[in-house]
1. Karplus couplings for region 486-495 from phi (6.51 cos²θ - 1.76 cosθ + 1.60, θ = phi - 60°), rounded to Hz, Gly and Pro as x?
2. Can you pick out the pairs among 343/599; 203/235; 77/539; 65/192; 427/450; 42/74 whose Cα atoms lie more than 22 Å from each other?
3. Quick check on packing: order 306-313, 6-13, 485-492, 284-291 by the mean number of other C-beta atoms within 10 Å, highest mean leading.
4. Using each residue's phi in region 575-582, evaluate 6.51 cos²θ - 1.76 cosθ + 1.60 at θ = phi - 60° and report the 3J(HN,Hα) Karplus result to the nearest Hz, with x for Gly and Pro.
5. Mind listing the long-range amide H neighbours of residue 529? Cut-off is under 5 Å, sequence gap 5 or more, other chains count too, H placed in the peptide plane at 1.01 Å from N.
6. What is the pair-distance distribution P(r) of region 89-220, computed from all Cα-Cα distances in 5 Å bins starting at 0, with each bin given as a whole percent?
7. When ligands, DNA and RNA are left out and all protein chains stay put, how many square angstrom of accessible area per residue does the chain have with a 1.4 Å probe?
8. Rg and Dmax of region 245-304, using alpha carbons, in Å: what are they?
Amino acid sequence: MQDLNPQQKQALEITDGPILVLAGAGSGKTRVITHKFAHLVKTKKTSPESVLAVTFTNKAANEMKERIRGLLGKDLKSSWIGTLHSQCSRILRRDIASIGFGRDFSIYDEDDRCTLIRHILKEFKIYEALYRGVSSRINLLKASLIGPEDFLSVGDGFGFDEKLAKVYVRYQDELKRSNAVDFDDLIMLVVKLLKENPKILAKYQEEFPYVLVDEFQDLNLAQYQLVKLLALKHKNICAVGDDDQSIYKFRGADVEHILNFEKDFPKTKIVRLEQNYRSTQNILDAAHAVISGNSNRKPKKLWTDRGSGEMVNFCWLSSEEEEARHIAKVIKELFLKGAYKYKDIGVLYRVNLQSRALEDSLREMGLPYHIIGGISFYQRKEIKDIIAYIRLVLNHEDNVSLRRIINTPSRGIGAATLTKIENEAKKKSICLFSAMKLCVRGNGIIASTKEKLSSFLDLIDKLSATEYRNAGELLKNILDKIGYLEQLDEERRQNISELLVSAEGRDMQEFLDKVSLMTNLDHSSSGNHISLMTLHNAKGLEFPVVFVTGMEEGLLPYFKAIGSNEEVSEERRLCYVGMTRAKDILFLSGARKRKLYAKLQEQEPSRFMKDLPKNSCRWIEKVADPRSIKIICDVSKKKQDAKKVRSPFSAGCRVKHPVWGIGVVRDCYGDGEDQKVMVNFPQIGLKRLSLRLANLTKL
């Protein structure tokens with residue numbers, strides 16, 4: 001305990017009963033969880049296999065496991081340390097037969113899910129381009145433990161849509177027929193398994209007398225129900241999180257779980273970790289001023305012994321191109337001075353489309369960068385193709401994998417043939433692999449095509465019948481048999497070689513699960529690059545120098561959130577997360593003009609900037625002439641002190657414009673003759689209008 005502060009020690013020593021550790025940004029929460037795990041093993045003589053320790057990313061889980069291994073000095077191969085999804089996968093591999101699946105089930109990632117949804121939409125003659133929206137809706141339904149049958153019965157409570165219900169029912173049927181589960185099923189099916197099988201629930205409750213949960217604020221309903229079920233008997237649950245960093249509502253995460261933890265677990269002990277080890281005091285004061293604008297939060301005030309540090313800079317520029325050039329110039333100056341390396345710098349933005357101008361400016365100045373959260377290693381086509389072969393070899397019922405590789409590399413099996421196989425599969429309610437065998441034996445397909453199908457079936461059957469010591473052997477055998485590498489360029493062949501290295505010596509199912517559960521944040525470059533990413537993807541990262549860009553109304557907070565206090569609160573938390581990624585220097589910036597969704601918009605500084613404390617922040621406005629700089633530290637103060645004049649419009653009301661027609665007011669701000677409204681016109685888009693000039697009529 002020598003390297004722990006008093007609050008961290010307190011969190012460590014409370015071993016019996018529920019405990020909520022409110023761990024502010026950079027307060028050493030991973031240290032608390034790892035030391036608590038070791039403390040339970042050493043002091044309470046608990047077996048490492050009896051502690052369930054879960055977090056949200058593979059990167060965080062690996063770090064947690066390595067730290068615990070270092071503290072205990074023993075192998076943790078059989079321990080239950082990992083992501084919620086990986087632990088649920090492990091439970092299902094043991095017990096999924098109890099709910100009607102085979103133990104060799106495939107796990108579909110987001111790309112596989114979208115592929116299957118597109119296939120279903122095409123079959124139902126529904127506009128195929130809707131697949132991402134449908135995928136997102138199904139994700140949220142599963143996060144709320146709403147299966148297809150539940151969705152049909154709950155009606156409008158969850159935004160019922162007849163076409164969506166039809167697709168959802170068919171989607172789940174297709175998964176079952178393919179003996180496959182998707183990412184969200186891993187949680188939902190374990191909850192179903194435990195609720196429907198009291199003996200299995202009792203088994204896991206006894207197996208895990210202690211439950212440690214990291215990033216508790218990010219739990220959705222399904223995940224929260226799972227954790228509650230497992231902790232129900234012994235109630236030795238340690239929830240570590242920060243309601244101020246709850247930013248994944250769009251994925252179903254609900255900040256209320258951490259706010260209501262004490263109601264669900266009576267006699268909860270609360271420990272606040274407020275000493276920050278990451279940032280300077282000026283950064284913490286600025287971030288605290290922003291997050292304090294949220295009323296429904298657990299109060300905490302971060303402090304550090306790192307000193308005040310540099311003042312936070314907010315720079316207001318004339319255009320998004322000027323903003324990008326300014327950022328590139330500052331980065332180059334920092335690098336040339338030898339103060340920081342490129343890898344020490346993170347550039348954050350609210351939406352991906354902001355990266356275009358930033359990338360252009362960084363390229364113009366010859367600065368190296370990479371985008372975190374882009375296409376990951378395991379999402380590259382050549383990797384997905386080979387993984388599909390492995391999945392089909394292990395699970396012949398995997399229809400998505402079969403569709404992907406039946407003609408990869410080309411075998412002359414066309415779409416018409418695949419349609420005949422699909423029809424046979426539907427008629428007999430069997431998987432495509434079995435239907436293909438029937439088609440080869442029956443009529444309706446010409447002899448030359450039957451020969452090609454037979455060749456493919458024989459290939460998969462022979463690969464399946466061979467005994468393999470590990471995943472590496474299976475992978476080599478597949479590559480030897482299919483002649484795939486000859487079609488690839490050198491870079492793609494190198495990617496396959498990297499996959500081979502990672503498969504060496506690994507259990508086949510374990511390797512496949514690891515690959516399926518990787519996300520786009522689990523494979524990032526380790527070179528000397530500037531890191532570009534969205535604010536959502538920045539969670540869990542830190543950089544000595546951070547730029548948070550696009551600090552404008554309509555971007556942060558995002559225009560879709562304006563009008564809802566709950567949504568604006570989440571945007572405020574998102575801003576807070578971005579600011580607290582910075583260790584030494586924090587730059588905030590925005591632009592007066594920005595092209596958003598093909599339209600040039602007039603922007604105003606984000607409302608969050610009005611909260612910045614004058615004594616820790618420097619406000620600078622750069623007009624078109626870069627030599628003309630005006631300090632505007634007091635601008636926000638003047639706006640706040642001005643006499644308030646009530647707007648004739650309110651967020652959500654309908655208005656009519658003489659040219660653009662009917663629209664909906666998203667926000668009202670300003671005073672007197674400076675009053676403005678943000679209006680969304682369906683045919684035009686979002687417009688910021690002066691009430692004095694717009695001639696709006698309230699409907």
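The values are calculated or read from the model by the stated rules, or taken from the named source; none is laboratory data. Values in this document were obtained by computation on a predicted structure and should not be read as measured data. With ideal geometry, Cβ positions are generated from the backbone for all residues, glycine too; neighbour counts draw on all protein chains shown. Surface accessibility is based on the protein's heavy atoms, side chains included, excluding ligands, DNA and RNA. Shrake-Rupley method; radii C 1.70, N 1.55, O 1.52, S 1.80 Å.
1. Result, ordered by residue: 4, 8, 9, 7, 4, 4, 5, 5, 5, 4 Hz.
2. Exceeds cut-off: 343/599; 77/539; 65/192.
3. The densest-packed peptide leads the list: 284-291, 6-13, 306-313, 485-492.
4. Residue by residue, region 575-582 yields 4, 4, 4, x, 5, 7, 6, 7 Hz.
5. 343
6. Percent of pairs per bin, in order: 2, 9, 18, 20, 20, 14, 10, 5, 2, 1, 0.
7. Ligands and nucleic acids excluded, the figure is 44 Å² per residue.
8. 13.7, 38
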